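Asker: Mind looking over this structure? Questions follow.
The values are calculated or read from the model by the stated rules, or taken from the named source; none is laboratory data. Computed from a predicted model, the values in this text were never measured in an experiment. Using ideal geometry, Cβ is built from the backbone for each residue, glycine included, and neighbour counts are taken over all protein chains shown. When the accessible area is computed, the model is the full protein with side chains, heavy atoms only, and any ligands, DNA or RNA have been set aside. Shrake-Rupley method; radii C 1.70, N 1.55, O 1.52, S 1.80 Å.
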Amino acid sequence: MKIKMPRWFYQLASPKWFYDFTGALLPWFSAAAILLLIVGLVWGLVFAPSDYQQGNSFRIIYIHVPSSILAQSCYMLMAVAGAIGLIWKMKIAHVVAGACAPIGASIAVMSLATGAIWGKPTWGAWWVWDARLTAMLVLLFLYIGVIALNSAFTNIASADKATAVLSLVGLVNIPIIKYSVEWWNTLHQPATFTVTEKPAMPPEMWMPLLVMVLGFYCFFAVVLMSRARIDVLQREKRSDWVKKVIENY
Amino acid sequence: MSFFFAALKRDLLLVFRHRNDIINPLAFFLMVAVLFPLGVSPDPAFLSEVASGVIWVAALLACLLSVDGIFRSDYEDGSLEQMLVSPEPLLVIVMAKVLSHWLVSGFCLAIISPLVAMMFFLPEQGYPALILSLLLGTPTLSLMGAIGAGLTVALRRGGVLISLLVLPLYIPVLIFGAGTVQAGSMGLPIQGYLALLGAILVFSLMLAPFAIAAALKISVRS
């Protein structure tokens, strides 16, 4: 049986088309990211009411939660892009997956760091061996493993495939991180946002958080596209269109 | 099936001709375990408390150390390439290799683990939990380790990299394995833990062979 894929899916596989397409998208995403992040930060840090228990220290949630969500989504994207690259032999998918790894690792570090800063005033310790914290640390190790494996190969094609296999294998860890808070009774609070239920926070507190999450995703899109574009240029450096791009720059 | 046994027999025969391959993981296992009383504290009460974790960590490191060689010699003398181009299914070869690795590492570790448990003053009621958890948990370690070994077999410095790739994947097995021993030594029921270890094993038995085969194809063609 043949599955018919939409036309844009094939077009994405062409490096030149991908370069032009993301070039057109970049300014929009950059503007959206700057706007959302500024609005969310000012709203969350200045106007949102302070927590009745934690006072102002809860405000780090506006950085911590978006970065934690993003660190996991980024891994999912990396694995899915790797799978697409393996199945449809699409070079661009491998480029996207390769661009995800360093971004995801740095966002995971950010999530762990903001969590530690938040943990000190509320739990009285920088680090506790709690299920979710440990799972997040494991996610960081997975990213580091992917980056290390990717840089160990000299041949780009096999590096792409090997990292795709590894990121797919590591995917089993994602549900463990996601549900660690529900499966183990630990110090960490349960998920802040769920699709099905109303948030436990008042709207003045979760609305800016939602804005921040969207802002983080837009920021992620900007960084991801920028990295992928540079990688595309490097991989296609022998082709004519890249020469033209460089000349016209 | 007869092909599976032929492949298994070949691998085991290769191991028996180099006896070091059997002794090394076991000696490593014992040495890592010995470092803890020397480095932390020889107090029997303390040792019996940490025994479950220490034995499992030592077993995990011993598996990790030996898994690097699972495909290496075959890759270096070219027989791995012949296996890939042979008409026999690669999954069968992979399974035979993983099984032979487990028999040499995990199975032997489970057999000698009561010795270490005795040195660590583990309560005697915990011995069945220790042996059973190692028997159920170490095959998963061999399977997951073989994925890492397949990915790094063509790389010159695969040894360091493999620990980076595989250790994060070992963590769930470590948690439930050590949990089994902890529960068993306190006289609590261990069926739940064993069921979880078994579930992880079944899950990795289903998926890991495909990942190992894919990894080998990528490595050999590069």
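Asker: For segment A:140-168, enumerate the residues that are within 9 Å of chain B (Cβ to nearest Cβ) and open to solvent by 60 Å² or more (accessible area, probe 1.4 Å).
Answerer: Result: A:Phe141, A:Ile144, A:Thr154, A:Asn155, A:Lys161, A:Leu168.
Asker: Let me ask another. Is there a residue being part of a helix (DSSP H, G or I) and small (Gly, Ala, Ser) anywhere in segment B:88-101? Reasoning before the result, please.
Answerer: Going through segment B:88-101, the residues part of a helix (DSSP H, G or I) turn out to be B:90-101.
In the following step, the residues that additionally are small (Gly, Ala, Ser) were identified as B:96, B:100.
Within segment B:88-101, one or more residues are part of a helix (DSSP H, G or I) and small (Gly, Ala, Ser).
Asker: When residues of segment A:73-92 are filtered for being part of a helix (DSSP H, G or I), surrounded by fewer than 21 Cβ atoms within 10 Å (Cβ to Cβ) and not aliphatic (A, V, I, L, M), how many remain?
Answerer: 3
Asker: Let me ask something else. Can you tell me which residue among A:Leu214, A:Leu187 is open to solvent by 70 Å² or more (accessible area, probe 1.4 Å), at pLDDT 90 or above and farther than 20 Å from B:Ser163 by Cβ?
Answerer: So the residue among A:Leu214, A:Leu187 that is open to solvent by 70 Å² or more (accessible area, probe 1.4 Å), at pLDDT 90 or above and farther than 20 Å from B:Ser163 by Cβ is A:Leu214.
Asker: Okay, moving on. If you take the residues of segment B:99-113 that are open to solvent by less than 10 Å² (accessible area, probe 1.4 Å) and among the hydrophobic types (A, V, I, L, M, F, W, C), which of them is farthest from B:Leu13 (Cα to Cα)?
Answerer: Filtering segment B:99-113 for residues that are open to solvent by less than 10 Å² (accessible area, probe 1.4 Å) and among the hydrophobic types (A, V, I, L, M, F, W, C), the one farthest from B:Leu13 (Cα to Cα) comes out as B:Ala110.
Asker: Take the residues in segment B:168-185 that are open to solvent by 10 Å² or more (accessible area, probe 1.4 Å) and under 12 Å from B:Leu60 (Cα atoms); name whichever of them is farthest from the other protein chains (Cβ to nearest Cβ).
Answerer: Applying the filter and picking the extreme gives B:Ala178.
Asker: Hey, another quick one. Looking at segment A:112-130, can you tell me whether even one residue there is surrounded by fewer than 21 Cβ atoms within 10 Å (Cβ to Cβ), within 13 Å of chain B (Cβ to nearest Cβ) and in a helix (DSSP H, G or I)?
Answerer: Looking through segment A:112-130, none of the residues is surrounded by fewer than 21 Cβ atoms within 10 Å (Cβ to Cβ), within 13 Å of chain B (Cβ to nearest Cβ) and in a helix (DSSP H, G or I).
Yes/no matrix, rows are residues, columns are (1) in contact with a Ser or Thr (Cβ under 6 Å, 6 or more places away or on another chain); (2) modelled with pLDDT under 90; (3) closer than 28 Å to B:Gln125 by Cβ:
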site: B:Met1; (1), (2), (3): no, yes, no
site: B:Ile23; (1), (2), (3): no, yes, no
site: B:Met31; (1), (2), (3): no, no, yes
site: B:Pro44; (1), (2), (3): no, yes, yes
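Asker: Here is a check on your reading of the model: is A:Asn155 of a type in the set (S, T, N, Q) and either within 19 Å of B:Ala208 (Cα to Cα) or at pLDDT below 90 (or both)?
Answerer: Yes; evaluated as a whole, the condition is true for this residue.
Asker: Moving on to the next point. Could you please find all residues in segment B:148-167 being within 17 Å of B:Ala213 (Cα to Cα), in a helix (DSSP H, G or I) and more than 7 Å from chain A (Cβ to nearest Cβ)?
Answerer: Correct list: B:Gly148, B:Ala149, B:Gly150, B:Thr152, B:Ile162, B:Val166.
Asker: Still on this structure: Is there any pair linking a residue in segment B:36-62 that is polar (S, T, N, Q) to one that is open to solvent by 40 Å² or more (accessible area, probe 1.4 Å), with Cβ under 7 Å and at least six apart or on different chains, and which?
Answerer: B:Ser48/B:Phe121; B:Ser48/B:Pro123; B:Ser52/B:Gln182
Asker: Turning to a different aspect of this structure: Given the options B:Ile55, B:Ile70, name the one that is buried (at least 16 other Cβ atoms within 10 Å of the Cβ) and outside any helix (DSSP H, G or I).
Answerer: B:Ile70 is the lone residue from the list that is buried (at least 16 other Cβ atoms within 10 Å of the Cβ) and outside any helix (DSSP H, G or I).
Asker: Let me ask another. Given the residues B:Gly198, B:Gly145, B:Gly137, which is the only one that is touching a residue at least 60 places away in the same chain (Cβ under 8 Å), more than 14 Å from chain A (Cβ to nearest Cβ) and buried (at least 19 other Cβ atoms within 10 Å of the Cβ)? Spell out the reasoning first.
Answerer: On the way: B:Gly198 fails: buried (at least 19 other Cβ atoms within 10 Å of the Cβ); B:Gly145 fails: more than 14 Å from chain A (Cβ to nearest Cβ).
Result: B:Gly137 is the single residue among B:Gly198, B:Gly145, B:Gly137 that is touching a residue at least 60 places away in the same chain (Cβ under 8 Å), more than 14 Å from chain A (Cβ to nearest Cβ) and buried (at least 19 other Cβ atoms within 10 Å of the Cβ).
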